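Since the structure comes first, as structure tokens, the remarks are kept for the end.
The values are calculated or read from the model by the stated rules, or taken from the named source; none is laboratory data. This structure is a prediction, so every number in the text was calculated from the model and none was measured. Positions of Cβ are backbone-derived with ideal geometry, glycine not excepted, and every protein chain shown enters the neighbour counts.
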Amino acid sequence: MRIARFVVDSDPLYGVVEGDTGSEVVTVIHGDPFFSGVERTSVRHKLEDVRLLAPIIPRSKVIGVGRNFVEHAHELGNEIPAQPLLFLKPNTAVVGPNDPVVLPEFSEEVSFEAELCVVIGRICKDVPEDRVDDVIFGYTCGNDLTARDVQKSDLQWTRAKGFDTSAPLGPWIETELDPEDIRIQARLNGELRQDGSTSQMIRGVRELVSVVSQAFTLLPGDVIMTGTPAGVGLVSPGDRIEVEIEGIGRLSNPIVRR
Ligand code: MG
């Protein structure tokens, strides 16, 4: 099931997206699916008539995972970390489909990173790997935009990874997905730049959720970005960056400088 968050007139709504590409329909659901489940109303819209928003604004945090693909670690001259390399992006970094990514004044080298994102469904801590599916609400596409120059010059990654608009999410949350071997692609101005699979991860999705839950209590709506395959590159004002993940859909954002 595909759960979208969107606006038609004013207030954000949640809905279920159904139908084939190009003719999808959104059925509005009551309330917030993270707390009240999925109960459909009789109100329906064509997908093309609504404006999609980030499918979730995390209640507390976006957790990132660095260097989780061997070839990506090596393309930036890094070793594979012995311990999971975790970082946080604030929820103010999250934007939705087609929202502009605003390049920060303090960086000249912002890179895209296409990533499968896990959306947590219930409060949890110290989740064993074989119980991880019980705490996952679903999956969405994400872009872990990174100010590469600042990542090198700052001791912490907070500014490099956490600036406003650095975490586009969308277009919706897919609640039924087996994350073990799905394709992750990025296109810059229509040109394929990243083309990997979750099967190439150093730590797989379920292991990551378990590991992250050992460090942090996870809340409904928290997001885990699971790392990017090789092929990352810099973006410039006027570019359009697209993340496509098999079984979910395509997230597209323009790049601007204020
Ligand atoms: Mg990343």
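Look through ILE123, ILE136, ILE173 and report the one residue that is surrounded by fewer than 24 Cβ atoms within 10 Å (Cβ to Cβ) and touching a Pro at 6+ places or on another chain (Cβ under 8 Å). Talk me through it step by step, then tell me what you get.
Numbers: ILE136 fails: touching a Pro at 6+ places or on another chain (Cβ under 8 Å); ILE173 fails: surrounded by fewer than 24 Cβ atoms within 10 Å (Cβ to Cβ).
Of ILE123, ILE136, ILE173, the one residue that is surrounded by fewer than 24 Cβ atoms within 10 Å (Cβ to Cβ) and touching a Pro at 6+ places or on another chain (Cβ under 8 Å) is ILE123.
When every residue of the range 150-164 is checked against the conditions, none turns out to be assigned to a strand (DSSP E or B), more than 17 Å from VAL223 (Cα to Cα), in the same structural domain as GLY96 (by TED's automatic domain parsing) and aliphatic (A, V, I, L, M).
Quick check: is even one residue across the range 91-100 over 17 Å from CYS117 (Cα atoms), over 17 Å from the mean Cα position of the chain (by Cα) and in the same structural domain as LEU234 (by TED's automatic domain parsing)? No, the range 91-100 contains no residue that is over 17 Å from CYS117 (Cα atoms), over 17 Å from the mean Cα position of the chain (by Cα) and in the same structural domain as LEU234 (by TED's automatic domain parsing).
Look through the range 220-235, keep the residues that are within 17 Å of GLN194 (Cα to Cα) and of a type outside the set (Val, Ile, Thr), and return whichever of them is surrounded by the most Cβ atoms within 10 Å (Cβ to Cβ).
Initially, the range 220-235 is screened for residues within 17 Å of GLN194 (Cα to Cα), giving 225-235.
Still in the list and also of a type outside the set (Val, Ile, Thr): 225, 227, 229-231, 233-234.
Values: MET225: 25, GLY227: 28, PRO229: 26, ALA230: 17, GLY231: 21, GLY233: 15, LEU234: 15.
Residue satisfying both the conditions and the ranking: GLY227.
Scanning the range 213-234 for residues that are more than 14 Å from the ligand (Cβ to nearest atom) and among the aliphatic types (A, V, I, L, M) turns up ALA215, LEU218, LEU219, LEU234. Looking only at residues in the range 75-98 that are at pLDDT below 95 and of a type in the set (D, E, K, R), the one that is farthest from SER213 (Cα to Cα) is GLU75.
Considering only residues in the range 47-74 that are over 25 Å from VAL209 (Cα atoms) and out of contact with any strand residue (DSSP E or B) (no Cβ under 6 Å at 6 or more places or on another chain), the one that is farthest from the ligand (Cβ to nearest atom) turns out to be ASP49. State whether the residues of the range 178-188 include one that is surrounded by fewer than 21 Cβ atoms within 10 Å (Cβ to Cβ), touching a residue at least 24 places away in the same chain (Cβ under 8 Å) and among the small types (Gly, Ala, Ser). Among the residues of the range 178-188, not one is surrounded by fewer than 21 Cβ atoms within 10 Å (Cβ to Cβ), touching a residue at least 24 places away in the same chain (Cβ under 8 Å) and among the small types (Gly, Ala, Ser), which makes the answer no.
On the stretch given as the range 129-149, residues that are assigned to a helix (DSSP H, G or I) and away from the ligand (no atom under 15 Å from the Cβ) total 8.
State whether the residues of the range 58-73 include one that is closer than 16 Å to GLN194 by Cβ, surrounded by fewer than 15 Cβ atoms within 10 Å (Cβ to Cβ), more than 14 Å from the chain's Cα centre (by Cα) and not hydroxyl-bearing (Ser, Thr, Tyr). Scanning the range 58-73, I find at least one residue that is closer than 16 Å to GLN194 by Cβ, surrounded by fewer than 15 Cβ atoms within 10 Å (Cβ to Cβ), more than 14 Å from the chain's Cα centre (by Cα) and not hydroxyl-bearing (Ser, Thr, Tyr), so the answer is yes.
Would you mind stating whether LEU52 is modelled with pLDDT of 95 or more, over 20 Å from PHE6 (Cα atoms) and in a strand (DSSP E or B)? Steps first, answer last, please.
Numbers: modelled with pLDDT of 95 or more: yes; over 20 Å from PHE6 (Cα atoms): no; in a strand (DSSP E or B): yes.
Judged against the criteria, LEU52 is not a match.
Within the range 78-104, which residues are free of Cβ contacts under 8 Å to residues at least 40 places away in the same chain and farther than 17 Å from ILE202 by Cα?
Once the filter is applied, which keeps residues that are free of Cβ contacts under 8 Å to residues at least 40 places away in the same chain and farther than 17 Å from ILE202 by Cα, the range 78-104 yields only ASN91.
For the range 107-120, the criterion of being more than 16 Å from the ligand (Cβ to nearest atom), under 21 Å from GLY204 (Cβ atoms) and either at pLDDT 95 or above or touching a Leu at 6+ places or on another chain (Cβ under 7 Å) (or both) is satisfied by at least one residue.
Within the range 191-219, residues that are without any contact (Cβ under 8 Å) to a residue 24 or more places away in the chain reach partners that are buried (at least 17 other Cβ atoms within 10 Å of the Cβ) and among the β-branched types (Val, Ile, Thr) with beta carbons closer than 9 Å, at six or more positions or on different chains, in the pairs SER199/ILE182.
Of PRO81, PRO90, PRO100, all but one fail to be within 16 Å of the ligand (Cβ to nearest atom), over 16 Å from GLY162 (Cβ atoms) and surrounded by fewer than 22 Cβ atoms within 10 Å (Cβ to Cβ); the exception is PRO81.
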